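Reviewing the structure listed below.
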Amino acid sequence: MSFKKQPGITTGAALFMGGIALAHADPLWQFTSGVDFSSGKYGTAERTDVWYTPFTIRYSAEPWQFKLTVPYLRVTSPGGAIIGYDENGVPIRGGGGTRSAESGLGDVVLSATYALVERTDFLLDVTGKVKFGTASVSRGLGTGEEDVALALDAFFPRGRLTPFVNVGYKNTGDPAGVDLRDTWQASLGFAYRWSDQWSGGGMFDWRAASTATSESARDLTFYAVYKLTPEFKLQGYLSKGFSNASPDYGLGLMATLNY
């Protein structure tokens, strides 16, 4: 099938819970890397800053798509008790201690996507994902537990404009002494192709609270993609959080090579 979906964003959250599948076409290897930065107080007096650098390999062979992401994390946060976890599984601390920085391997993510419906005016994908607890618990880089997620992505191409909606459910592993809830997530957005080189769009993400004392996460993201060559493109994005469970802001730049 020659039709390709509009390119989507790749943030730390999207790496785990779905986001937009990039294409359904000929067998294709793809490599993506870059840097994602987010910062937020999460309802506390001090900020937690996260640098997230993913190394992602994807293989597409219609109707399947497989993706492996190995990330590197650097987290600067205050001391104090853990009050929650962000979407990458990084602990959010309540403050009251000395700020410190930790870095290392993040949680490795493996996903498989199957194209259930492929029409020129409607596409539907189902994606299963596993987040392995490879990030260090002692250094505050992860929960040390596995998460499993299932998501549906629906696309409605209308010429240059493609509205889309995502609904997902995540079964969350509980670290010692913490009861994390399984969570629902939903996204609503659009992608628009201005030219053969430029495309972009926006999305609003909602994620249910992961603990009894936290609130749901709500984020708004805008992104732009520039295709330098048929094999290479750059993607930048900005995001804004609207709850104590979301970063105050985030930004990132990713590069993708097809081969």
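Observations on the structure shown:
- Positions within region 34-50 being touching a residue at least 40 places away in the same chain (Cβ under 8 Å) and part of a strand (DSSP E or B), in sequence order: GLY34, VAL35, ASP36, PHE37, SER38, SER39, GLY40, THR48, VAL50
- Filter result for PHE132 (aromatic (Phe, Trp, Tyr), within 28 Å of GLN197 (Cβ to Cβ), in contact with a strand residue (DSSP E or B) (Cβ under 8 Å, 6 or more places away or on another chain) and at pLDDT 95 or above): no
- From the list SER103, SER138, the lone residue that is under 30 Å from GLU46 (Cβ atoms), in contact with a Leu (Cβ under 7 Å, 6 or more places away or on another chain) and not aliphatic (A, V, I, L, M) is SER103.
- Residue in region 246-259 that is farthest from the chain's Cα centre (by Cα), counting only those that are assigned to a strand (DSSP E or B) and buried (at least 21 other Cβ atoms within 10 Å of the Cβ): THR256
- Candidate set from region 195-245 (those that are touching a residue at least 60 places away in the same chain (Cβ under 8 Å) and outside any strand (DSSP E or B)); member that is farthest from the chain's Cα centre (by Cα): THR213
- Complete set of residues in region 112-166 that are out of contact with any helix residue (DSSP H, G or I) (no Cβ under 8 Å at 6 or more places or on another chain), charged (D, E, K, R), part of a strand (DSSP E or B) and open to solvent by less than 70 Å² (accessible area, probe 1.4 Å): GLU118, ASP125, ASP153
- Long-range neighbours under 6 Å by Cβ, at least six apart or interchain, first residue farther than 25 Å from GLN65 by Cβ within region 128-146, second among the acidic types (Asp, Glu) and crowded, with 18+ Cβ neighbours inside 10 Å: GLY142/ASP107
- Output for region 92-111, where each listed residue is within 28 Å of GLY80 (Cα to Cα) and part of a strand (DSSP E or B): ILE92, ARG93, SER100, ALA101, GLU102, SER103, GLY104, LEU105
- Considering residues of region 178-194 that are assigned to a loop (DSSP other than H, G, I, E, B) and open to solvent by less than 80 Å² (accessible area, probe 1.4 Å) only, the residue farthest from ALA151 (Cα to Cα): VAL178
The values are calculated or read from the model by the stated rules, or taken from the named source; none is laboratory data. Quick caveat: nothing in here was measured; it's all calculated off a predicted structure. Cβ sites come from the backbone with ideal geometry, for glycine too, and all protein chains shown count toward neighbours. These accessible areas exclude ligands, DNA and RNA; they are computed on the full protein's heavy atoms, side chains included. Shrake-Rupley method; radii C 1.70, N 1.55, O 1.52, S 1.80 Å.
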